[in-house]
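J.: Got a structure for you, questions after.
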């Protein structure tokens, strides 16, 4: 059973947060291990397993990037530890951002770090724009594989930007 089936939600790259929270709380109450203390060991283990799956699914659904990753994996379009070749122009931009980050760290200048964060945010908007309609308007059976492959490229580009931000914040 995949996470969407567990939550009785349609597959989506951008799940409805209100509906998601309602389902999470209902499922958490229904399968909370404390309610199974008087049941058999098998039923206790099943409740614990289900509770764990509910928490894992909810955590994934709370993170847009993780939700995209999960859907792409469900569709067989993304493999764990996959090597993905990004366009050289994007990699050059990332390399420039990395250089700016190193300079900002060496200088210890707050203004440089702020400019870099702004540049990363702008690049993030730029890479999201072509897939925004796909992510927000995903419909199972209607969204094409070609569209999902565009989302996959966005996902990998965003990972690069997230790494730069994580390195900056260390």
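J.: Label points 7 Å out from Cα along the Cβ direction at residue 166 and residue 79: separation in nm?
T.: 2.2
J.: Here is a follow-up. Could you tell me the distance between the Cα centroids of the range 125-160 and the range 77-121, to the nearest Å?
T.: Between the Cα centres of the range 125-160 and the range 77-121 lies a distance of 20 Å.
J.: Order these peptides, 101-114, 13-26, 153-166, by their mean beta-carbon neighbour count within 10 angstrom, highest first. Don't skip to the end; give the middle numbers.
T.: On the way: 101-114: 12.8, 13-26: 14.8, 153-166: 16.9.
So the order, starting with the most tightly packed, is 153-166, 13-26, 101-114.
J.: What angle, in degrees between 0 and 90 and rounded to the nearest 10, separates the Cα long axis of helix 145-168 from the longest principal axis of the Cα atoms of the chain?
T.: Value to nearest ten degrees: 70.
J.: Over the chain, what relative contact order in percent results from Cα pairs under 8 Å that are six or more residues apart?
T.: Working: 112 pairs, mean separation 45.2, N = 170.
Relative contact order, the chain: 27 percent.
Each value in this text was obtained by applying a stated rule to the coordinates, not by laboratory testing. What you are looking at is a predicted structure, and each value in this text was computed from that prediction instead of being measured. Every residue, glycine as well, gets a Cβ built from its backbone with ideal geometry; the counts of neighbours run over all protein chains shown.
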